[in-house]
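Please treat every number below as a calculation from the coordinates, not as lab data. As the structure is a prediction and not an experimental result, all values here were calculated from the model. Because the Cβ atoms are built from the backbone with ideal geometry, glycine has one as well, and the counts that use them run over all protein chains shown.
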Amino acid sequence: MSLIEVKKISKSYGPVKAVDNVSLSIEHGEVLGLVGESGSGKSTLARMILRLIEPTAGEIVYNGIQNIRKDCQIVFQDPQTSINPRIKIGEAIAEPILIHKILPKEKIFRRVAELLTLVELPVRYAKRFPHELSGGERQRVGIARALACEPEFLILDEPVSALDVSIQVEVLKLLKEIQQKLALTYLFIAHDFSVINYMCDRVAVMHEGKMVEIGQKEQIITMPQEPYTRKLLSAVL
Amino acid sequence: MGRNKLALFGATLLSLFVLVAIFAPMIVPYDPSAILENDTLAPSAQHWFGTDDLGRDIFSRAVFGARISLTVGLVAVVISLLLGTLLGALAGYFGGWTDSLIMRFVDVMLAFPSIFLILAIQAMLTPNIYNVMVVIGLTSWMGVARLVRGEYLKIRELSYVEAAKAIGCSPARIIFRHILPNAMGPIIVAGTLGMAGAILTESSLSFLGMGVQPPMASWGNMLMDAQAYLLDAPWMAVIPGLLIFTTVLSLYFVGEGLREKVGVS
């Protein structure tokens with residue numbers, strides 16, 4: 001049984017169809033890539049899966065997920081705006097643990113230290129404010145905050161596209177390591193095929209709100225069936 | 001640079017006034033309500049600011065008046081900030097019909113000329129200092145609500161608010177813990193400017209006899225007492241007038257300085 005089944009889902013904003021009749025299933029433990037140009041509906045689809053946006057039509061079936069707010073998490077594209085500038089790093093990471101009462105209060109600090117170590121940040125960063133950290137470090141904080149929920153499923157919404165190229169590889173490696181270590185399921189949004197190639201098992205291609213093609217990574221990259229996928233691939237160096 | 005110096009100047013004067021207000025009983029040479037022998041004495045070494053029509057020491061009354069005027073201003077502005085922030089936050093965060101309802105209420109409140117509204121309410125209540133503070137607070141929160149709503153509209157679109165939703169924060173937690181601290185800058189600026197307005201309103205009310213009641217001294221009712229003696233004892237009017245003017249101006253300087261720092265337009 002798939003972890004998440006998206007069935008004929010749509011989202012319209014007035015006459016504009018951001019997502020148009022999309023179906024896909026996400027399997028336990030896989031990394032599913034989601035590719036498309038900006039405005040193709042990738043982010044809208046991701047937010048509907050998280051129930052941050054309600055779909056106008058269709059349904060999403062969650063198997064083995066009790067609480068979406070805890071079991072499904074997201075890492076955002078821009079670490080400059082995705083972390084509250086007035087909240088210390090440690091408190092930001094502790095917040096989900098408090099809200100979902102995952103651990104008793106006295107054990108939270110140790111857990112925060114563990115999470116910081118997991119994302120390869122020094123534990124002393126817990127006492128710092130976001131503006132004292134670099135973009136790459138903040139993105140690690142975003143990852144730690146998502147992992148603090150102990151999720152089953154993680155959406156990564158172009159998690160490296162706002163970072164310096166030199167840092168992108170480190171963060172990608174970290175994400176891959178974490179996925180394997182914690183046996184997580186990822187929906188990895190990207191517009192860059194080299195990133196997709198490194199991270200994903202399967203790839204879905206979206207164009208103007210519609211699902212164009214979905215399949216194994218090797219198959220999509222070596223033998224794309226759709227002209228739009230070929231166009232996207234030819235844009236890669 | 002010029003603005004900064006003005007703000008510093010304003011802050012210094014205000015701190016001085018606040019200290020004077022706090023330590024009023026230790027500073028005054030006479031009981032502010034005591035009637036001394038001679039009325040309408042010109043300023044002299046004995047009576048720095050002269051005496052009023054009843055022969056009370058104007059310096060002592062001005063010092064105690066600072067207590068009243070600053071307290072009324074502060075309490076009124078706190079009430080207006082609490083109310084304005086709460087309603088503005090709800091309107092800005094939830095949007096939709098909550099927003100429409102609250103903002104139409106703001107429009108209705110703004111449509112009344114506030115001084116007449118205050119006078120009408122005061123006429124129904126016993127005019128004492130507590131009612132003055134509450135009534136000024138309840139009629140001056142609308143600007144704050146509009147400002148805070150705008151801040152919330154802007155901040156709620158940032159992805160850390162979305163992140164807070166994704167980890168399961170309740171709306172109350174997002175409104176107060178995640179957004180409010182990021183909207184504090186403009187709120188503090190509004191508070192400073194609002195306090196200037198509240199002090200002016202208190203003075204006008206007391207001047208009209210609907211505010212702080214004699215024998216308690218406020219700068220406003222000192223002005224009222226001075227009306228009949230403008231030519232014979234001009235210091236009776238000049239002293240409280242100057243004090244109101246300086247306090248309000250200082251608050252504006254500080255407010256403008258903060259505004260520039262915070263980057264609000």
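Key figures for this structure:
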read-out: Nearest-ten-degree value, helix B:114-124 long axis tilted from longest Cα axis of chain B; value: 70
read-out: Table column - 3J(HN,Hα) (Hz), the stretch B:212-227, Karplus curve with 6.51, -1.76, 1.60, x for Gly and Pro; value: 5, 8, x, x, 4, 8, 10, 4, x, 6, 5, 4, 4, 4, 7, 3
read-out: R0 of 35 Å, Cβ-Cβ distance B:W97-A:E106: FRET efficiency to nearest 0.05; value: 0.20
read-out: Mean separation of Cα contacts under 8 Å (6+ apart) over length of the stretch B:36-88, as relative contact order %; value: 22
read-out: The stretch A:72-151 - convex hull of alpha carbons, volume per residue in Å³; value: 81
read-out: Alpha carbon convex hull of chain A, volume per residue in cubic angstrom; value: 126
read-out: Cut-off 20 Å (backbone N to label point 7 Å along Cα→Cβ of A:I167), residues of the stretch A:110-126; value: A:115-126
read-out: Cross-link partners of A:K70 among aspartates and glutamates (Cα-Cα below 13 Å; sequence separation of 8 or more within a chain); value: A:E95, A:E150, A:E152
read-out: Cα-Cα over 28 Å, subset of A:K88/A:K173; A:K176/B:K154; A:K88/B:K165; A:K101/A:K181; A:K7/A:K88; value: A:K176/B:K154; A:K7/A:K88
read-out: Relative intensity, log₁₀ I(q)/I(0), of chain B from a Debye sum that treats every alpha carbon as a point, q = 0.07, 0.10, 0.12 Å⁻¹; value: -0.31, -0.59, -0.78
read-out: Pairwise centroid distance, computed over Cα atoms, of the stretch B:156-200 with the stretch B:39-106, Å; value: 24
read-out: Signed unit charges on C-beta, dipole axis of the stretch A:72-151, positive-most listed residue A:G135, A:L118, A:L103; value: A:L103
read-out: Calculated FRET value between B:E157 and B:T12, using beta carbons and R₀ = 41 Å, to 0.05; value: 0.55
read-out: Number of partner chain Cβ atoms within 10 Å, mean per residue of B:175-186; value: 2
read-out: B:F23 versus A:Q219: modelled label distance in nm, points set 7 Å from Cα along the beta carbon direction; value: 8.5
read-out: For the stretch A:119-163: rounded, prolate or oblate by the Cα gyration tensor [a/c cutoff 1.5]; value: oblate
read-out: Test item: A:142-148 mean partner chain Cβ contacts at 10 Å; value: 2
read-out: Ellipticity estimate at 222 nm from DSSP helix runs (n ≥ 4, -39,500 (n - 2.57)) divided over the protein assembly as shown, nearest 500; value: -17500 deg cm²/dmol
read-out: Over chain B, relative contact order from alpha-carbon pairs under 8 Å, at least 6 apart, %; value: 27
read-out: Extreme residue, positive dipole direction of the stretch A:48-91, given options A:M48, A:N63, A:I87 (C-beta unit charges); value: A:I87
read-out: Space enclosed by the convex hull of the alpha-carbon atoms of the protein assembly as shown, per residue, Å³; value: 198
read-out: Relative contact order (%) - the stretch A:72-151, alpha-carbon pairs under 8 angstrom, separation at least six; value: 49
